[in-house]
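The values are calculated or read from the model by the stated rules, or taken from the named source; none is laboratory data. All figures in this text were calculated on a predicted structure; none of them were measured in a lab. Positions of Cβ are backbone-derived with ideal geometry, glycine not excepted, and every protein chain shown enters the neighbour counts.
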Amino acid sequence: MSTGTDLRAEARTNGIRRAVAAAADDVLALGHRIHAHPEVAWEEEKAARWVAGALDDLGYTVRTGTAGLPTAFTATTGTGPLHIGICAEYDALPGLGHACGHNIIASAAVGAAAGLAPFADELGLTVTVFGTPAEEGGGGKILMLERGAFDGVHAAMMVHPGPVDVAEADPFAVAHLKVRYHGKAAHAAAYPEQGRNAADAFTLAQVAIGLLRQQLPGGTRVHGMMTRGGEAPNAIPELTEGRWYVRAGTLEHLDRLRPRVERCFEAGALATGCELEIEPESPPYSEFRNDAGLLAVYRRTAEALGRRFDTGSPAARMNRASTDMGNVSRVLPAIHPYLGIGSLPAVNHQKEFAAHCVGAEADRAVLDGAAAMALTTAAVAADAGERARLIG
């Protein structure tokens with residue numbers, strides 16, 4: 001026999017699903033619009049404005065320029081003691097557009113906000129959607145975290161597209177490095193002995209990194225590219241630049257790996273007589289710490305919506321991609337599940353994957369992800385034990 005509590009929970013579940021469905025046309029149009037107008041890290045002016053505007057239309061109180069970042073915002077509804085954050089990303093990849101599907105992340109966050117808006121006060125909730133710029137290498141969430149934007153939030157969540165559904169995020173910690181060599185220009189045919197070749201310095205560093213890989217611990221990654229290699233074939237390159245990522249299982253492992261990689265760049269400078277500059281693009285991204293309680297509720301909720309989780313195929317490796325949400329997870333309970341969009345054989349960071357980030361499967365992922373986040377939030381708010389744990 002159903003109790004009054006069961007009936008109220010069922011009515012609330014149905015109400016949340018109806019609210020998400022009622023907002024579906026606007027939510028999907030938002031995601032398609034962001035996809036059609038990709039903007040890279042720190043330049044997401046249109047996307048941030050569109051997402052914030054959609055939340056304002058839902059009755060959320062919107063504050064822009066959060067943490068001093070022009071394309072960051074918060075949007076809040078409810079006044080309850082349990083404060084849940086939902087993170088929206090909307091930056092694109094240079095040259096690849098939305099090949100990581102952040103348009104799906106943003107629209108799913110708005111969909112979840114639509115589902116929760118009518119029930120936040122009833123559930124004793126404060127719900128804040130965080131507009132977080134520059135995940136693709138800029139670390140927007142880290143700066144927002146350091147500047148107090150997440151203060152008072154008890155838990156945070158987001159969803160991310162991938163080839164298949166994966167519940168548990170397992171990202172690498174990562175350091176993003178800008179590398180620059182300064183040499184001396186000279187005519188490459190007439191006066192080559194007067195030059196110091198900055199391109200040679202980069203080549204030597206890359207060879208050293210290639211040799212180092214044999215001695216690196218399993219599960220680490222070192223990869224990058226030269227972004228400037230010289231100005232003319234008949235001039236000794238005096239300036240070369242590049243971007244390199246160093247990844248490890250944890251921040252602690254990253255701290256031990258990074259100096260070894262930097263010494264490879266120092267070797268290039270030493271061998272060629274060039275000067276080396278290395279600077280971080282952002283603070284390091286942390287590994288992700290899944291909150292077991294939130295994750296269990298999300299898994300049950302998503303399965304009830306018809307999602308099926310991959311248990312370890314090669315297609316599930318997207319859960320190893322790095323994210324600045326990892327830094328958030330070190331400070332407060334968090335989850336970062338992945339939504340399959342039926343893209344195979346295309347995978348994240350391919351143009352073919354970007355094409356799959358709009359369409360029937362992507363739209364279903366947006367609405368399922370929105371409902372799953374909203375229903376997960378409602379379930380933990382209504383569970384006295386989970387509620388006390390998160391607030392405590």
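Please determine whether any residue of the range 370-392 is closer than 22 Å to Gly219 by Cβ, surrounded by fewer than 21 Cβ atoms within 10 Å (Cβ to Cβ) and in contact with a Pro (Cβ under 8 Å, 6 or more places away or on another chain). No, there is no match, as no residue in the range 370-392 is closer than 22 Å to Gly219 by Cβ, surrounded by fewer than 21 Cβ atoms within 10 Å (Cβ to Cβ) and in contact with a Pro (Cβ under 8 Å, 6 or more places away or on another chain).
Residue-wise test of (1) hydrophobic (A, V, I, L, M, F, W, C); (2) buried (at least 21 other Cβ atoms within 10 Å of the Cβ); (3) closer than 12 Å to Ile335 by Cα.
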site	(1), (2), (3)
Phe150	yes, yes, no
Ala156	yes, yes, yes
Lys178	no, no, no
Tyr191	no, no, no
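Here Gly224, Gly219, Gly230, Gly249 are screened, and the one residue that is small (Gly, Ala, Ser), touching an Asp or Glu at 6+ places or on another chain (Cβ under 7 Å) and either at pLDDT below 95 or closer than 30 Å to Arg289 by Cβ (or both) is Gly249. Just one of (1) under 30 Å from Ala379 (Cβ atoms); (2) in contact with a Leu (Cβ under 8 Å, 6 or more places away or on another chain) fails for Asp310. It is (2).
Checked against (1) closer than 19 Å to Ile105 by Cβ; (2) assigned to a loop (DSSP other than H, G, I, E, B), Gly312 passes all but condition (1).
Out of all the residues in the range 115-132, which are surrounded by 21 or more Cβ atoms within 10 Å (Cβ to Cβ) and part of a strand (DSSP E or B)? If the condition is that a residue be surrounded by 21 or more Cβ atoms within 10 Å (Cβ to Cβ) and part of a strand (DSSP E or B), then Leu125, Val127, Thr128, Val129, Phe130, Gly131, Thr132 are the ones that fit.
Residue by residue, here is whether (1) surrounded by 24 or more Cβ atoms within 10 Å (Cβ to Cβ); (2) more than 25 Å from Ile34 (Cα to Cα); (3) at pLDDT 95 or above holds:
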site	(1), (2), (3)
Gly101	yes, no, yes
Ser107	yes, no, yes
Ile142	no, no, yes
Glu146	no, yes, yes
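Restricting attention to the range 159-209, the residues that are assigned to a loop (DSSP other than H, G, I, E, B) and not small (Gly, Ala, Ser) add up to 9.
Scan the range 55-87 for residues that are among the hydroxyl-bearing types (Ser, Thr, Tyr) and crowded, with 16+ Cβ neighbours inside 10 Å and jot them down.
Listed by number, the residues that qualify are Tyr60, Thr66, Thr71, Thr74, Thr76, Thr77.
Restricting the search to the range 44-83, which residues are among the charged types (D, E, K, R) and either touching a residue at least 40 places away in the same chain (Cβ under 8 Å) or part of a strand (DSSP E or B) (or both)? Across the range 44-83, the qualifying residues are Glu44, Arg63.
Exactly one residue out of Ile341, Ile335 is more than 23 Å from Leu177 (Cβ to Cβ), β-branched (Val, Ile, Thr) and touching a Cys at 6+ places or on another chain (Cβ under 9 Å): that is Ile341.
Assuming Arg260 fulfils every condition listed in (1) closer than 27 Å to Glu135 by Cα; (2) touching a Leu at 6+ places or on another chain (Cβ under 9 Å); (3) not in a helix (DSSP H, G or I) apart from one, which condition is it? Status for Arg260: all satisfied but (3). Scanning the range 331-379 for residues that are in contact (Cβ under 8 Å) with a residue 40 or more places away in the chain and among the acidic types (Asp, Glu) yields Asp363, Asp368.
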